[in-house]
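What follows is one structure encoded as structure tokens, with my remarks underneath.
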Amino acid sequence: MDTENQNLNEAELEVEDNQEMIGEGAPVEPETEPLEQEAAQEADADSEYRARLREYTRELKKQPGDWYIIQSYSGYENKVKTNLDMRIQTLEVEDSIYEVVVPIEQVMENKDGKKKLVKRKLLPGYVLVRMDMNDAAWSVVRETPGVTSFVGNEGNATPVKHRDVAKFLMPKVAPVEGKSNANEDGETVIAMPEEQTKQQLAHDYQVGEAVTILSGALASVSATINAIDPETGKIQALVSIFGRETPVELTADQIERIM
């Protein structure tokens, strides 16, 4: 009897050992790679952005008037907006000119070792106007001090597609309900600084290289790198916006080389 019990105990121990060995030798499910997780998050963010862009474009189409772009002297965009807003009221054309917008983004920059909140215009040298085009409205806009011309074919004012306008006006993140995205200067704030700055990506781009912009309002647009900040790695590139070369600031993950 004792011999049988001993044999049973030995058999149980052998089974347990075998199970442990099987467990130790069993293939371990690989953890999801950080790069794969990041790619999935970027894909989700891109999908969300496109859905919001479609919805925002639909909302723009419901508003009266068409969107036009007026050209101004660079650095005078806010002055043009102020002058035009005053002329709209003074000359009583509120029923034809509905909205004047200078889209900007606010970012944190390191200057002299200190972080400083700065504003950057998304369309330097341009102002967006939503209006019904007629002789009176055209004259009010065109004769506003600081305005040099309407953007269009052969000098004629040409409406801009709602989807193109939406790319410049839609906030980068969904706005808080009931909160305006205009700042104290009346500028339309598209992007606010992130609470945590992303780690700067190392890159080997060089001045003079031709690249394609991958994201944001200028996605799929070609650009030429004309400056690189050696401290932050940020890239300044020239893009053609409405027929004029305009500098824009980018990061390495927003562009790819044109092969």
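The values are calculated or read from the model by the stated rules, or taken from the named source; none is laboratory data. Quantities reported herein were computed from a predicted structural model and do not represent experimental measurements. Backbone-built Cβ (ideal geometry, glycine too); neighbour counts: all protein chains shown. Ligands, DNA and RNA are stripped out before the accessible areas are found, and what is left, the full protein with its side chains, is counted by its heavy atoms. Shrake-Rupley method; radii C 1.70, N 1.55, O 1.52, S 1.80 Å.
I'd like to check something: does the range 97-113 contain any residue that is farther than 18 Å from P171 by Cα and crowded, with 19+ Cβ neighbours inside 10 Å?
Here is the first cut: in the range 97-113, the ones farther than 18 Å from P171 by Cα are 97-98, 109-113.
Right, trim to crowded, with 19+ Cβ neighbours inside 10 Å and you get 97.
Checked the range 97-113: at least one residue is farther than 18 Å from P171 by Cα and crowded, with 19+ Cβ neighbours inside 10 Å.
Among the residues of the range 42-68, which ones are closer than 13 Å to R130 by Cβ, out of contact with any helix residue (DSSP H, G or I) (no Cβ under 6 Å at 6 or more places or on another chain), open to solvent by 40 Å² or more (accessible area, probe 1.4 Å) and not in a strand (DSSP E or B)? Steps first, answer last, please.
First pass over the range 42-68, keeping only residues closer than 13 Å to R130 by Cβ: 59-68.
If we keep only those that are out of contact with any helix residue (DSSP H, G or I) (no Cβ under 6 Å at 6 or more places or on another chain) too, we end up with 59, 62-66, 68.
Going one step further and asking which of them are open to solvent by 40 Å² or more (accessible area, probe 1.4 Å), we end up with 59, 62-64, 66.
Residues satisfying the conditions are E59, K62, Q63, P64.
Filter the range 227-246 for residues that are out of contact with any Gly (no Cβ under 7 Å at 6 or more places or on another chain) and open to solvent by 60 Å² or more (accessible area, probe 1.4 Å) and give the result.
D229, P230, E231, Q236, S240, F242, G243, E245
With (1) modelled with pLDDT under 90; (2) open to solvent by less than 20 Å² (accessible area, probe 1.4 Å) as the list, and L117 as the residue in question, which single condition is left unmet?
Of everything listed in (1) modelled with pLDDT under 90; (2) open to solvent by less than 20 Å² (accessible area, probe 1.4 Å), L117 misses just condition (2).
Counting only residues that are buried (at least 19 other Cβ atoms within 10 Å of the Cβ) and hydroxyl-bearing (S, T, Y), which one in the range 120-154 is nearest to P103 (Cα to Cα)?
Y126
Assuming M86 fulfils every condition listed in (1) more than 26 Å from L218 (Cβ to Cβ); (2) within 24 Å of the chain's Cα centre (by Cα) apart from one, which condition is it?
For M86, the failing item is (2).
Restricting to the range 205-223, count the residues that are more than 25 Å from E105 (Cα to Cα) and either without any contact (Cβ under 8 Å) to a residue 40 or more places away in the chain or open to solvent by less than 30 Å² (accessible area, probe 1.4 Å) (or both).
The number of residues fulfilling the criteria is 2.
For D2, indicate whether it is modelled with pLDDT of 95 or more and open to solvent by 100 Å² or more (accessible area, probe 1.4 Å). It would help to see each step written out before you state the result.
On the way: modelled with pLDDT of 95 or more: no; open to solvent by 100 Å² or more (accessible area, probe 1.4 Å): yes.
No, not satisfied.
Would you call N134 over 24 Å from P247 (Cα atoms) and either in contact (Cβ under 8 Å) with a residue 40 or more places away in the chain or in contact with a Ser or Thr (Cβ under 8 Å, 6 or more places away or on another chain) (or both)? I'd like the intermediate steps shown before the answer.
Details: over 24 Å from P247 (Cα atoms): yes; either in contact (Cβ under 8 Å) with a residue 40 or more places away in the chain or in contact with a Ser or Thr (Cβ under 8 Å, 6 or more places away or on another chain) (or both): yes.
Spelling it out, N134 is indeed over 24 Å from P247 (Cα atoms) and either in contact (Cβ under 8 Å) with a residue 40 or more places away in the chain or in contact with a Ser or Thr (Cβ under 8 Å, 6 or more places away or on another chain) (or both).
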